[in-house]
Amino acid sequence: MSMFDKPTSKNLKSYLISGEKILLILIFSLAVFTGFSLILFSGTMEKKSILSGKLTGPSLSEVTSNNSAKSDVELTLSLPRPEYPRPDFIRSEWLNLNGQWDFALDLSDSGEERGLPEGNGFDRKIIVPFAPESPLSGLGFKDFIAAIWYKQALIIPEGWKGRRVLLNFEAADYETTIWINGKKVGEHRGGYTPFSFDITDYCQPSGNTLVVRCRDNVRSGQQPSGKQSDRYNSYGCMYRRTTGIWQTVWLEPVEAERIEKYRVYPDIDNQQVLLQVLVNKPTGGEQLTLSVVDQGKIIFKETKNASANIFFEIKLKDPKLWEIRRAYLYNFILELKSPNSAKQLDRVEGYFGLRKIEARGNKIFFNNRPFFMRLVLDQGFYPDGIYTAPSDEALRHDIEISQAAGFDGARLHQRVFERRFLYWADRLGYLVWGEFADWGLDLSRPESLIIFQPQWQEALNRDFNHPSIIGWCPFNERWGENYPGVVESIFNLTRILDPTRLVIDSSGGYHVVVPEVYDSHNYEQEVAKFKADYEGLLLSPPKVYINGDPRRHTPYQGQPYFVSEYGGIWWNPGQKDEKAWGYGQRPRTPEEFLKRYQELTEALLFNPGIAGFCYTQLYDIEQEVNGLYTFDRKSKFDPAFFFKVNQQKAAIEK
């Protein structure tokens with residue numbers, strides 16, 4: 001555990017940083033079988049830099065010289081998901097390794113014995129970063145896979161000579177091991193968070209072979225797997241699996257002395273931001289300069305002697321707040337220079353938003369105003385990519401259709417969404433609760449804490465700086481017998497690592513601690529009964545609706561009450577079988593659906609004891625047809641109707 005993992009006091013400064021679809025399917029399949037080669041994108045940013053107030057990924061025109069004659073169509077075919085994958089921590093040089101890789105299925109997990117680490121036995125092709133179960137990978141494999149193998153040739157650019165080379169994986173499920181030129185470099189366990197390897201000492205100037213193995217077993221009870229089906233087919237609320245690489249793989253050159261991480265602590269009451277920076281391996285004499293940019297102008301600049309841990313206090317005159325649907329972001333630049341400013345060692349671009357979320361009594365306050373959470377359940381699945389969005393535009397589109405229906409945010413349910421989704425949430429003023437794919441992990445086993453904690457901690461560390469995230473919830477609907485202390489330990493760890501956000505221990509499950517927000521799930525479809533379930537909140541003392549055995553809950557203590565799942569109304573006109581499902585009795589007409597939606601929602605909005613709702617769900621997923629949009633994101637009803645209902649002033653906001 002490093003200094004970035006363990007806050008030491010309640011003083012803010014002491015909290016340290018924690019250690020159209022079918023066409024695309026055909027095109028990517030064609031790319032596999034016609035042998036389009038991998039294109040390496042040069043990582044220079046768009047010509048508009050952070051100084052113009054615009055954060056962007058790489059430009060399609062900025063490619064290595066041997067690709068300069070290729071058309072945009074060819075580049076798109078060869079390089080899916082070309083955008084910069086880490087938009088809150090940008091360096092200018094990078095290589096995108098997405099595209100066609102050699103591939104092998106290893107159903108018996110015997111590949112290491114058969115020589116695959118040395119590059120033998122690869123008989124297929126795959127399009128990275130799409131999982132082999134997905135159509136966009138070019139494979140669409142349906143069965144369970146014990147292990148899979150990838151192979152790719154690496155040539156390190158000449159201009160990177162003398163620097164360290166990092167191989168970055170945004171996410172791969174579940175246990176990943178890599179070899180360079182037949183030598184084992186390292187491994188990572190966990191399917192939802194980024195990891196990196198320094199491959200400098202394993203690489204040769206003339207060319208290199210990268211081999212990656214991913215093992216995955218969603219039926220083991222020993223790995224978090226979320227909503228990935230533990231049966232051959234999808235069923236209930238369990239869907240198609242994702243094995244192996246499912247987010248961007250990329251390279252970047254760095255110095256040994258470099259900016260490692262930063263953390264942002266906004267303080268709107270004192271019109272300031274505390275920015276904490278971790279520097280890797282300072283040797284003494286380096287200087288770190290922070291420049292904060294607002295509308296293209298530098299409004300704050302300070303240089304400090306570099307050490308392992310540095311704080312900047314940024315005073316802001318007439319600060320602009322990050323608001324719902326009106327997100328204002330301040331951009332900044334961090335520059336690390338060697339002694340006497342002889343050499344720039346590192347340059348990182350980032351951004352922050354000024355906002356505040358807290359619980360006071362039974363209310364939630366956002367930017368010091370009473371606030372009702374109008375959220376929707378988003379599970380992050382795609383018909384053609386499963387876990388992986390087919391494009392950056394698809395990520396943004398999911399937020400836009402949610403906002404069009406009057407939702408101010410979402411529970412990002414049973415998985416960790418990719419960084420670019422959070423980037424768009426930051427840009428569009430969209431609130432989210434960060435969660436984890438805890439289903440699949442048997443919490444009755446004592447080793448579950450050892451498995452879960454580092455993976456959850458990686459998610460918290462990755463996403464700490466996003467202003468869009470207002471709360472954390474590590475577990476969902478945990479009603480079984482959990483090993484003593486597992487849920488409690490993770491809740492307490494979360495509160496220590498991030499004192500700036502709200503925390504729920506187990507959404508809709510047994511509350512074994514005193515969460516900052518008390519919640520429940522309720523899919524009752526009869527409006528009168530649903531409304532009556534929450535009338536107890538108005539009594540003195542309040543009597544709350546809970547899930548499961550009341551004796552296993554800590555008592556409600558007057559904190560904000562959140563109905564974190566409700567609705568799920570079944571709407572799939574023309575369905576003649578029982579393969580698809582939703583909650584309760586199906587409405588017979590569109591008018592009946594809309595009436596039920598309005599009355600269920602208003603029962604929550606107009607109850608002065610309720611602080612928020614989360615409707616299930618934004619879009620259908622496979623057999624679960626209770627979305628307001630279809631799986632391919634077509635609206636079932638006019639979104640303006642839901643906007644009008646959802647955006648009514650809530651009783652608790654008055």
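The values are calculated or read from the model by the stated rules, or taken from the named source; none is laboratory data. Since the model is a prediction, treat every value here as computed from it, not as a measurement. Neighbour counts are summed over all protein chains in view; Cβ atoms, including those assigned to glycine, are modelled from backbone coordinates with ideal geometry. The accessibility values were calculated without ligands, DNA or RNA, using every heavy atom of the protein model including side chains. Shrake-Rupley method; radii C 1.70, N 1.55, O 1.52, S 1.80 Å.
Scanning segment 524-537 for residues that are under 28 Å from G361 (Cβ atoms) and in a loop (DSSP other than H, G, I, E, B) returns E524, D533, Y534. Taken over segment 583-636, residues that are of a type in the set (A, V, I, L, M, F, W, C), in contact with a Pro (Cβ under 7 Å, 6 or more places away or on another chain) and not in a helix (DSSP H, G or I) amount to 2.
Scoring W322 on the criteria (1) touching a strand residue (DSSP E or B) at 6+ places or on another chain (Cβ under 7 Å); (2) buried (at least 20 other Cβ atoms within 10 Å of the Cβ); (3) not charged (D, E, K, R) leaves a single failure, condition (1). Across segment 416-438, the number of residues qualifying as aromatic (F, W, Y) and touching a strand residue (DSSP E or B) at 6+ places or on another chain (Cβ under 7 Å) comes to 2. The number of residues in segment 494-521 that are buried (at least 21 other Cβ atoms within 10 Å of the Cβ) and more than 18 Å from R415 (Cα to Cα) comes to 10. Restricting attention to segment 618-641, the residues that are of a type outside the set (D, E, K, R) and out of contact with any Ser or Thr (no Cβ under 8 Å at 6 or more places or on another chain) add up to 10. For the criterion of being of a type in the set (F, W, Y), closer than 26 Å to V512 by Cβ, in a loop (DSSP other than H, G, I, E, B) and touching a Phe, Trp or Tyr at 6+ places or on another chain (Cβ under 8 Å), Y566 fails.
Which of the residues that make up segment 86-120 are small (G, A, S) and outside any strand (DSSP E or B)? Within segment 86-120, S92, S108, S110, G111, G115, G119 qualify.
If the condition is being modelled with pLDDT of 95 or more and touching a Gly at 6+ places or on another chain (Cβ under 7 Å), then segment 294-324 contributes W322, E323, I324. Of a type in the set (V, I, T) and crowded, with 22+ Cβ neighbours inside 10 Å - does that describe any residue in segment 462-474? Looking through segment 462-474, at least one residue is of a type in the set (V, I, T) and crowded, with 22+ Cβ neighbours inside 10 Å. Scanning segment 388-447 for residues that are under 27 Å from V249 (Cα atoms), among the aliphatic types (A, V, I, L, M) and surrounded by fewer than 19 Cβ atoms within 10 Å (Cβ to Cβ) yields A394, L428. On inspection, L79 qualifies as open to solvent by less than 40 Å² (accessible area, probe 1.4 Å), out of contact with any Ser or Thr (no Cβ under 9 Å at 6 or more places or on another chain) and modelled with pLDDT under 95.
Within segment 177-230, being under 18 Å from the mean Cα position of the chain (by Cα) and among the hydrophobic types (A, V, I, L, M, F, W, C) holds for one residue alone: F195.
Residues are listed down the side, and each one gets a yes or a no for (1) in a strand (DSSP E or B); (2) open to solvent by 70 Å² or more (accessible area, probe 1.4 Å):
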residue	(1), (2)
E187	yes, yes
D201	no, yes
P205	no, yes
V211	yes, no
S220	no, no
P224	no, no
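Please work out if R241 is part of a loop (DSSP other than H, G, I, E, B) and at pLDDT 95 or above. Taking the combined requirement at face value, the residue satisfies it. Taken over segment 226-237, the criterion of being among the small types (G, A, S) and crowded, with 17+ Cβ neighbours inside 10 Å is satisfied by G226, S229, S234.
Meeting the requirement of 1 or more residues that are open to solvent by 20 Å² or more (accessible area, probe 1.4 Å) and farther than 19 Å from T209 by Cα, the strands (runs of 3 or more DSSP E) wholly within segment 132-185 are 175-180.
In the condition set (1) within 27 Å of A389 (Cβ to Cβ); (2) acidic (D, E); (3) open to solvent by less than 20 Å² (accessible area, probe 1.4 Å), E286 is compliant with all but (1).
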